[in-house]
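See below for the structure under consideration.
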Amino acid sequence: MSDNQDPSGNKPATQAVTSGRHKKWTGAVVNPPVWRASTHLYDSVADLRGGLSANEDGHFFYGRRGSPTQWSLAAALTEMEPGAAGTMLYPSGVSAIACAMLAVLKPGDEILLTDNSYDPSRSYADAFLKRMGITARYYDPMIGADIQSLFTEQTKAILLENPGSLTFEVQDVPAICSAAKQAGIATLLDNTWATSRFFPALHYGVDISIVAATKYIVGHSDVMMGAATTHDKYWTRLRRTAQQLGQVVSPDDAYLAARGLRTLEVRLKQHEKSALAVAQWLKTRPEVGKVLHPALSDCPGHDIWKRDFNGSSGLFSFELTKGNEQSRAAFIDALALFGIGYSWGGYESLALPVDPGKHRTATDWTMKGALVRLHIGLEDPDDLIADLAKGFEQFSIASS
Ligand SMILES: Cc1ncc(COP(=O)(O)O)c(C=O)c1O
């Protein structure tokens, strides 16, 4: 698809700068100020009564429903997702996933989850939803239109993750969503890797597009936040569920996330360029087997990525062919520029040992070598490559 454009005809880089910056909320300043408030004061009892009836952003009511700082961020994310009616903000990506599932499911229902789902999404479905009388079943991420063979009367939602955040299979989202739509099943996508910039999810048929804003939206590894964006059909349900569950993000966090959003375009482009440079270099190394990066042909679903995505971000995995637990640890421990830590999407590079086989139930993980996940930050890729080369020296010593 070509670059997504808003109705004004502006391109994504312009949208990242202008979206959500409504004068009624920002006043004369560029960034929306931090409106800290639990109590909003009314002029009169009549005014108070009026405030009760309006349940939409832009009307002061009470702190839990936010203030211009949060409204402006939510509006920006909505404006950047073609086809969206609204966005709810949550205190983490996991809470966005959990609340979006609750918005479309009830006891007796079933949800189908992709087998490469982010592990906390799985454990939420397997433990919490199970207690609510909701069944979780897993499917092969590469299933495509055949997903319809799994549908039962009880199937009411499908969770997709595109690509999976450890193993990077690219799903055929349009095929899955089209089958789901015909059967009246809601589709929820964890779109954290691509964001609406690289994968405009609603355009491809997804009902609720979710991001851990903690990653690329915030971009500086200092705020936890989630967001779910949807079209008209699910907007009221998504909003009510979040409000009934008391979901709110702090204005300080919303301020920081909005600040991060303004540079999303340039950051994503740099993450993309540097990650591709590192991934291509890894392909030349004798220690490396497969490089699981959606823009490279080793990756399952690479052709779908080419068909559907506007770009690739900074997260991918690679296989150490003769790697075991010890030599993989020697490789990672030797890196000076890559931090060892969960999360990703910030300006810093990270390396993580990952073992996807542990989390699968519908499909087998057959890759033999040990897997390392890299997040490529905004450092110079030449320095990152030199650092990885030192890691391979230690890997070879540990392997011999
Ligand atoms: C793919 C993916 N989805 C969701 C999340 C959850 O986000 P958060 O950590 O903000 O709860 C993460 C976090 O690592 C993630 O990698």
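The values are calculated or read from the model by the stated rules, or taken from the named source; none is laboratory data. Just so you know, these numbers come straight off a predicted model, no measurement behind them. Methodologically, a virtual Cβ is constructed for each residue, glycine included, from the backbone with ideal geometry; neighbour enumeration extends over all protein chains shown. Accessible surface is based on the protein model in full, side chains and every heavy atom, while ligands, DNA and RNA are left aside. Shrake-Rupley method; radii C 1.70, N 1.55, O 1.52, S 1.80 Å.
Rolling a 1.4 Å probe across the protein heavy atoms gives the chain an accessible surface of 42 Å² per residue. Taking amide hydrogens as placed 1.01 Å from N in the peptide plane, the amide H of Tyr139 sits under 5 Å from those of Leu113, Thr114, Asp115, each at least 5 positions away in sequence or on another chain. Less than 5 angstrom separates the built amide H of Gly339 from those of Ser349, Leu350, Ala351, all sequence-distant by 5 or more or on a different chain.
Rg/Rh for the chain stands at 0.99; both radii use Cα atoms, and Rh follows the Kirkwood definition. Taking a ≥ b ≥ c as the square roots of the eigenvalues of the alpha-carbon gyration tensor, the range 146-243 is classed oblate because a/c is 1.5 or more while a/b is no larger than b/c. Which residues in the range 53-97 have a backbone N closer than 15 Å to a point placed 7 Å from the Cα of Gln243 along the Cα-to-Cβ line? Residues 53-67, 71, 86-89 qualify, since their backbone N sits under 15 Å from the label point. Once both labels are positioned 7 Å from their Cα atoms along Cα-to-Cβ, the gap between Ala362 and Arg36 label points is 4.6 nm. Between Glu379 and Ser297, the modelled label-to-label distance comes to 3.1 nm, taking each label 7 Å out from Cα in the direction of the beta carbon. Stretched out straight at 0.36 nm per residue, the stretch from Glu153 to Lys233 would grow longer than its current Cα-Cα span by 26.7 nm. Estimate the FRET efficiency between Arg64 and Val266 by the formula 1/(1 + (r/R0)^6), using the beta-carbon distance for r and 30 Å for R0, to the nearest 0.05. Between Arg64 and Val266 the formula returns 0.30.
Pairs spanning more than 21 Å between alpha-carbon atoms, out of Lys130/Lys156; Lys233/Lys269; Lys156/Lys233; Lys290/Lys368; Lys215/Lys290; Lys156/Lys306: Lys233/Lys269; Lys215/Lys290; Lys156/Lys306. Place a point 7 Å from the Cα of Phe128 along the Cα-to-Cβ direction; which residues of the range 239-264 have their backbone N under 19 Å from it? Those under the cut-off are 239-250. Taken over the range 333-388, the convex hull of the Cα atoms encloses 101 Å³ per residue. To the nearest whole percent, what portion of all C-alpha pairs in the range 264-399 is separated by more than 21 angstrom? Percentage above 21 Å: 39. A Förster radius of 25 Å, combined with the Cβ-Cβ distance separating Ala183 from Arg307, puts the computed FRET efficiency at roughly 0.60. Expressed as a whole percentage, what fraction of the accessible surface of the chain belongs to carbon and sulfur atoms when a 1.4 Å probe is rolled over the protein heavy atoms? So the carbon and sulfur contribution to the accessible surface is 53 percent. Solvent-accessible surface (1.4 Å probe) assigned to Tyr118 amounts to roughly 100 Å².
Applying the Karplus relation 6.51 cos²θ - 1.76 cosθ + 1.60 with θ = phi - 60° to the range 345-361 yields 3J(HN,Hα) values of x, x, 7, 9, 7, 9, 10, 9, x, 10, 10, x, x, 4, 9, 9, 10 Hz, where x marks Gly and Pro.
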